[in-house]
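The values are calculated or read from the model by the stated rules, or taken from the named source; none is laboratory data. Being a predicted model, the structure only gives us computed values, none of them experimental. When we count neighbours, we look across all protein chains shown, and the Cβ atoms used for this are built from the backbone with ideal geometry, even at glycine. Remember, those area values only see protein heavy atoms, side chains included, never the ligands or the DNA or RNA. Shrake-Rupley method; radii C 1.70, N 1.55, O 1.52, S 1.80 Å.
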Amino acid sequence: GLPAALPALPLELTVLYNSLLFTVGASDSAIKGEAEGIRQGLLRVLEACGVCGQNLDTEELWQKVLQEVTVEELQAPLQCLGALQAAWWLAARQLGSVAGLFQLLSTAEDQGRAHCSEGQNKLLSVIKAWRVPPEGASLPLAQSAKDLKEILCTAAAFLQGLQELEAGNFPTALFLLQEAAGGFCSKKILAQIYTCLGCCAQRMGKPQTALQHLKRALQVDFQCLPALSHVAAVYHELGETDAEMQALTLLYEALGKNPSAAASSSPYFLMQTEMLVHTPLLTSLLRHHHPSEVKYLLAHRCLQDGRVADAVEHYLDFLSLLQEGLQQQVPLDGSSVLPRIPEVFLEAASALEQAGRLQDAITVCEEVISRTTDLIPRVLRVEERLEQPECPLPGAGLTGGLLSRKESLCCLAWRAAGYLHQGWAWAKLGESKEAVTQFSRCLNDLLRVQLHGSGIKWTENLQVEVEVLQKIRLLSLIGRGTQFLELGRHKEALLDFQHSLQISPGDRVAASYLVQALWKLNRKQEAAAQWQKFSQDSPGVDGQQQGQGRPLPLYLVSCLEQAMFPHSEPLARSIQDYLEAAAQDTSR
């Protein structure tokens, strides 16, 4: 409440500088909002000089103070306070304001030095060109202006590097992040910078360089676990499955341990780089996976790579983690790598089935079926629409609109896939009648869907679900047809294979089984004609069956493999013999 007096202002500004630093250091969190104390301090300076500045914003206030105030004793405290103001603006990502302030703080000679290196980066140039006030020119400081300058340089390079990375300007991002890595920061921040360098190199298509940066991050700070998850991603991109599995295993083990309580060997400062750099991209790149997510990734990769025994172990571990309350482990912001839980159950059933644990697979599928039964309407109408609003209408999820229809299709696909897996499991057990029952349940479920339209161009929001349902229908028809063949019900098998070809014309698996059914019905001439027809088709048709350009869900891959026709060569020889014999008879 005392009026401002010039002789007391150097002490007053220094106390303000130190108190703001102590406040920041005590909070030990990212700087947010405006530094109102700095604004009040500047107004006190103008008041002491007889100048009014109440109507000016903070940038205009700094310009007014630095132009109007020429008292020598105030220069050093104002320079230090200006650096602190720059920290607040950096944290708010007001980079233009920071550059403008340092131009005001710098002398003409300083600006000349900055101009020489302006081609590199304007902001870094003006910060580096700023001359720190001599130590003896001010009262004792809680953190020296020299240290603060170094932190500002590192934070400015790091922040701009992240912005360029997000914008896709990778060479510029790489330069700025390398500049930050050579700056003044803690080991924790240095490891984060190397992690970002690794991500940048990966996006530039340089996986080996990315690995070098990521390994450097772990050498600097072994608790930088996001770097380890990025290492696994790079190895996955390179197709080095063993190395990827090893990285994921290390990550899972590290997440299960309590972090070390050992104090960092880095020097402690009240103002630190981590308080100034906090962006959504950095949060995304440094997101810590939860143990359940890593366990799922291990299971998923093992199943993809055909390591069935390991996949089963990891899936069962994951299912046990579900019992501990997955909601408490996994973020609900959509950033999790986990798919929908029924899909995980179906993948687990697929792994168990491939491992020969058929009863266990049937039990897991029964869990999916029972949990989704009450969520599926008796009739689900899906219409082709060439246009759709970008967002569902309010209440659409409650009134059967597009959002709830998509959810219903997902639930229907999961339940039908459960029956499909059970059908193949019973078939492997030699229980053809039970297998037919499960395949029939799958097909009856799919009858709930009424598809209206040409089926060529569905709304993109439903296209994937419709294709998955069609693939399940095809695999179920083929599966039931094979079991009809086992039971000697050849006519019923023929109908299923004919229906399969209506759903997916040119499908070589369905066509092969169709030929076999005709052959078993002693309709050998038709069988031979069909065989010649699809044998002349492009051999690439078979490779297009997995979702017409979209990858097939992993839980359906094993069903596709089981549906493959196993008797191609014997049947081909029989038909060839038949055709040769027929040709000889004709020549006579």
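Of all residues being crowded, with 21+ Cβ neighbours inside 10 Å and of a type in the set (A, V, I, L, M, F, W, C) in segment 270-281, which is farthest from G25 (Cα to Cα)? Just the residue, please.
V277
Is there any pair linking a residue in segment 105-131 that is within 19 Å of G82 (Cβ to Cβ) to one that is at pLDDT 85 or above and of a type in the set (F, W, Y), with Cβ under 7 Å and at least six apart or on different chains, and which?
L105/W130; S106/W130; D110/W130; V126/F102; I127/F102; W130/F102
Quick one: is L228 over 29 Å from F22 (Cβ atoms), open to solvent by less than 30 Å² (accessible area, probe 1.4 Å) and under 21 Å from the mean Cα position of the chain (by Cα)? Let's see the steps before the verdict.
Details: over 29 Å from F22 (Cβ atoms): yes; open to solvent by less than 30 Å² (accessible area, probe 1.4 Å): yes; under 21 Å from the mean Cα position of the chain (by Cα): yes.
Taking the combined requirement at face value, the residue satisfies it.
Return yes when C200 is closer than 19 Å to G161 by Cα, within 21 Å of the chain's Cα centre (by Cα) and touching a residue at least 24 places away in the same chain (Cβ under 8 Å) and no when it is not.
Details: closer than 19 Å to G161 by Cα: yes; within 21 Å of the chain's Cα centre (by Cα): yes; touching a residue at least 24 places away in the same chain (Cβ under 8 Å): yes.
Considered against the rule, which asks whether it is closer than 19 Å to G161 by Cα, within 21 Å of the chain's Cα centre (by Cα) and touching a residue at least 24 places away in the same chain (Cβ under 8 Å), C200 comes out as yes.
Among Q223, Q192, which is the only one that is closer than 21 Å to S336 by Cα and not in a helix (DSSP H, G or I)? Lay out the reasoning, then the answer.
Values: Q192 fails: not in a helix (DSSP H, G or I).
Testing whether each residue is closer than 21 Å to S336 by Cα and not in a helix (DSSP H, G or I) leaves just Q223.
Does S454 satisfy being on the phi < 0 side of the Ramachandran plot and at pLDDT 90 or above? So that I can check it myself, show each step before the final result.
Details: on the phi < 0 side of the Ramachandran plot: yes; at pLDDT 90 or above: no.
Considered against the rule, which asks whether it is on the phi < 0 side of the Ramachandran plot and at pLDDT 90 or above, S454 comes out as no.
Checking the structure you have, find out if any residue of segment 576-586 is over 30 Å from R357 (Cβ atoms), in a helix (DSSP H, G or I), modelled with pLDDT of 90 or more and hydrophobic (A, V, I, L, M, F, W, C). Quick ask: steps written out before the conclusion?
Filtering segment 576-586 down to residues over 30 Å from R357 (Cβ atoms) leaves 576-586.
After this cut, where a residue has to be in a helix (DSSP H, G or I) as well, the list is 576-586.
Right, trim to modelled with pLDDT of 90 or more and you get none.
Within segment 576-586 (the criterion being over 30 Å from R357 (Cβ atoms), in a helix (DSSP H, G or I), modelled with pLDDT of 90 or more and hydrophobic (A, V, I, L, M, F, W, C)), the answer is no, since none of the residues qualifies.
Among the residues of segment 172-181, is there at least one that is outside any helix (DSSP H, G or I), at negative phi, modelled with pLDDT of 95 or more and surrounded by fewer than 21 Cβ atoms within 10 Å (Cβ to Cβ)? If you could, list the steps in order and put the result at the bottom.
Step one: list which residues in segment 172-181 are outside any helix (DSSP H, G or I), which gives none.
No, every residue in segment 172-181 fails to be outside any helix (DSSP H, G or I), at negative phi, modelled with pLDDT of 95 or more and surrounded by fewer than 21 Cβ atoms within 10 Å (Cβ to Cβ).
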